[in-house]
1. Test Glu223 against the criterion of being outside any strand (DSSP E or B), free of Cβ contacts under 8 Å to residues at least 12 places away in the same chain, more than 30 Å from Asp64 (Cα to Cα) and open to solvent by 40 Å² or more (accessible area, probe 1.4 Å), and give yes or no.
2. Among the numbered criteria (1) open to solvent by less than 50 Å² (accessible area, probe 1.4 Å); (2) free of Cβ contacts under 8 Å to residues at least 40 places away in the same chain; (3) not in a loop (DSSP other than H, G, I, E, B), which single criterion is violated by Gln251?
3. Go through segment 86-98 and report how many residues are assigned to a strand (DSSP E or B) and either open to solvent by 60 Å² or more (accessible area, probe 1.4 Å) or touching a residue at least 60 places away in the same chain (Cβ under 8 Å) (or both).
4. So, in segment 192-205, exactly how many residues are in contact with a Leu (Cβ under 9 Å, 6 or more places away or on another chain) and either exposed (fewer than 13 other Cβ atoms within 10 Å of the Cβ) or of a type outside the set (A, V, I, L, M, F, W, C) (or both)?
5. Got a sec? Which of Gln135, Gln159, Gln146, Gln208 is in contact with a Gly (Cβ under 7 Å, 6 or more places away or on another chain) and open to solvent by 20 Å² or more (accessible area, probe 1.4 Å)?
6. Just to be sure I understand, how many residues within segment 45-65 are open to solvent by 60 Å² or more (accessible area, probe 1.4 Å), touching a residue at least 24 places away in the same chain (Cβ under 8 Å) and part of a loop (DSSP other than H, G, I, E, B)?
7. In segment 100-130, what residues are surrounded by 14 or more Cβ atoms within 10 Å (Cβ to Cβ), touching a Lys or Arg at 6+ places or on another chain (Cβ under 9 Å) and assigned to a strand (DSSP E or B)?
8. Just give me the residues in segment 46-76 being more than 16 Å from the chain's Cα centre (by Cα), closer than 24 Å to Leu109 by Cβ and hydrophobic (A, V, I, L, M, F, W, C), in sequence order.
Amino acid sequence: MRYRALIVGLMAVVLGLLTACSQSDIASGSNPRELLTYEQIRGTGLANKCPLLSETSRGSVAIDPNKSYVIKELCMEPTSFFVKEEPVNKRQEPEFVGAKMLTRKTSSLDQIQGDLKVNSDGSLTFEEKDGLDFQAITVLLPGGEQVPFLFTVKNLVAQTQPNLTSINTSTDFEGTFKVPSYRGATFLDPKGRGVASGYDNAIALPSQADKEELRRANVKSVEGGSGKISLNVAKVDSESGEIAGTFVSEQPSDTDLGAGEPLEVKVRGLFYARVEPVS
């Protein structure tokens, strides 16, 4: 019994040293996920982090107009969310208010890739082709309202300014993308109504199913919308072709399969990618 407290104390010291060493390793590397095993990453939230470039990365990636390029491993990590709300005073314009994310640590888009084309005017066009390009996220407004939306860059087509000979810290990509429906066609609402399955209307009100005020709730739709995004390059590694910076995205929220009006959501965050010539 007299040695139990001593053993517990020694174990606490050893665990503290191991934790400190692992944290110092993470701080010294550009990508903490490459330094840890799956068991060390699981449940920590590190898998949701995008790789980082050092603050001194101020180079450029030369672009040859006679070559083709691709962007690989595009990662987008949201850091803040805003939702446009109607003001109480009708004389004021609607404005974005800050929102708190309720979704757990699964908000980043990752491993996105696509073609990077050199246009005749010297501009670059990125076309998204594949990757983990959507995440279902729910945010909480200050008034208590929860706003679900599908954070995505599906079918993104983004273009830079013209007359570029390289990708540098002055390069900006701006474009539009497709926003699919937050829920699928087989999803059923609390009254059992859906697009491809379920009831056609609320069975408690069969005589009022054709009323205009109930039409949007009864007739479900999975039509999506569109969004716009701006990616601003702030760091470039000339040797590896890595680029990083910030992004601002605006897109519609969920409409509950067409039953409600979408809200405008703004997402800000960090991005990382790698530019490579096509061999």
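The values are calculated or read from the model by the stated rules, or taken from the named source; none is laboratory data. Being a predicted model, the structure only gives us computed values, none of them experimental. So basically every Cβ, Gly included, is an ideal-geometry build from the backbone, and we count neighbours across all protein chains shown. Side chains included, ligands, DNA and RNA excluded: accessible areas come from the protein's heavy atoms. Shrake-Rupley method; radii C 1.70, N 1.55, O 1.52, S 1.80 Å.
1. For Glu223, the condition - outside any strand (DSSP E or B), free of Cβ contacts under 8 Å to residues at least 12 places away in the same chain, more than 30 Å from Asp64 (Cα to Cα) and open to solvent by 40 Å² or more (accessible area, probe 1.4 Å) - is not met.
2. Looking at each condition in turn, Gln251 falls short on (2).
3. Of the residues in that region, 2 qualify.
4. The qualifying residues number 7.
5. Of the residues listed, the single one that is in contact with a Gly (Cβ under 7 Å, 6 or more places away or on another chain) and open to solvent by 20 Å² or more (accessible area, probe 1.4 Å) is Gln159.
6. The qualifying residues number 5.
7. Ile112, Gln113, Gly114, Asp115, Val118, Leu124, Thr125, Phe126, Glu127, Glu128
8. Leu52, Leu53, Val61, Val70, Ile71
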